[in-house]
Amino acid sequence: MNNNNKIWAVVPAAGVGSRMGGETPKQYLPLANKTVLETSLEKLLEIDQLEGIVVALNAGDIYWQKMALVNHPKIFICLGGSERSDSVLNALKFVRETTLDIEHTWVMVHDAARPCVTLGKIQALIDLSFTENSGAILAAPVADTLKKVNHNNIVVGTEDRSKLWLAHTPQLFKLQKLSAALEYCREKALSVTDEASAIERVGGKVLILADRRDNIKVTMPEDLAWAEFILANQEST
């Protein structure tokens, strides 16, 4: 394990959260007396090795300045993009211009709307990446039966779930490798749904660390109550 390794976190938070059905973006919805985004950021701030967090915001964001963490010395802001990968690339540019040691800098990308991640799993992810000198992500094995359907939503087959995992965040990669992979995908107009998919596109290695199934992403209105229940249960255990 290299003791010179440094970690920056990147949180793409430029989305408008249209699936929640309201005017307020999902990352700013109330969750246990805070917002979803504040809860996610506070989890990251618990990481001892953390150099800083770069939050990518929408150009029209009117909420961030009202947040309790707005003046936190480890939190920095950059402009988000139209796609998640654009926001992450903008944040990586900020990190490259800020860090004094690009070679040993790793970047941990975490969803703004994934507030239930545990510090234990984040630390285990860091330990795995540093020990193996490889990018890694948190993920959960698929537990349900997966059906494949046609355009009429008629089942045409059942998928083998034994090798399928649900990708979570954080996802941790070396700064230089992730930047290069995302730039390549942008130049080639390749679809990128998470950071691991960009690394995969360029033939990079991605390890999986089994995550807790309660590291949910707040996407639909009913997820807020579920997330609040999870957080309360985590505090009591």
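Within region 186-197, one or more residues are of a type outside the set (D, E, K, R) and in a helix (DSSP H, G or I). All of Ala167, Ala210, Ala198, Ala227 fail the test of being over 30 Å from Leu31 (Cα atoms) and either small (Gly, Ala, Ser) or surrounded by fewer than 18 Cβ atoms within 10 Å (Cβ to Cβ) (or both), apart from Ala198. Listed here are the strands (runs of 3 or more DSSP E) enclosed by region 109-175 that have at least 1 residues being more than 18 Å from Leu44 (Cβ to Cβ), under 14 Å from the mean Cα position of the chain (by Cα) and not β-branched (Val, Ile, Thr): 135-141, 165-174. Taking region 125-141 as the range and being among the β-branched types (Val, Ile, Thr) and out of contact with any strand residue (DSSP E or B) (no Cβ under 6 Å at 6 or more places or on another chain) as the test, the residues that pass are Ile126, Thr131. Looking at Leu128, Leu190, just one residue is in contact (Cβ under 8 Å) with a residue 12 or more places away in the chain and either farther than 21 Å from Asp48 by Cβ or not β-branched (Val, Ile, Thr) (or both), and that residue is Leu128. Checking each residue in region 107-134 for being of a type in the set (Gly, Ala, Ser) and crowded, with 24+ Cβ neighbours inside 10 Å picks out Ala112, Ala113, Ser129.
Here, each number is a calculation from the coordinates, and none is a lab measurement. Because the structure is predicted, anything quoted here is derived from the model rather than measured. Every residue, glycine among them, receives a Cβ derived from its backbone with ideal geometry; neighbour counts consider all protein chains shown.
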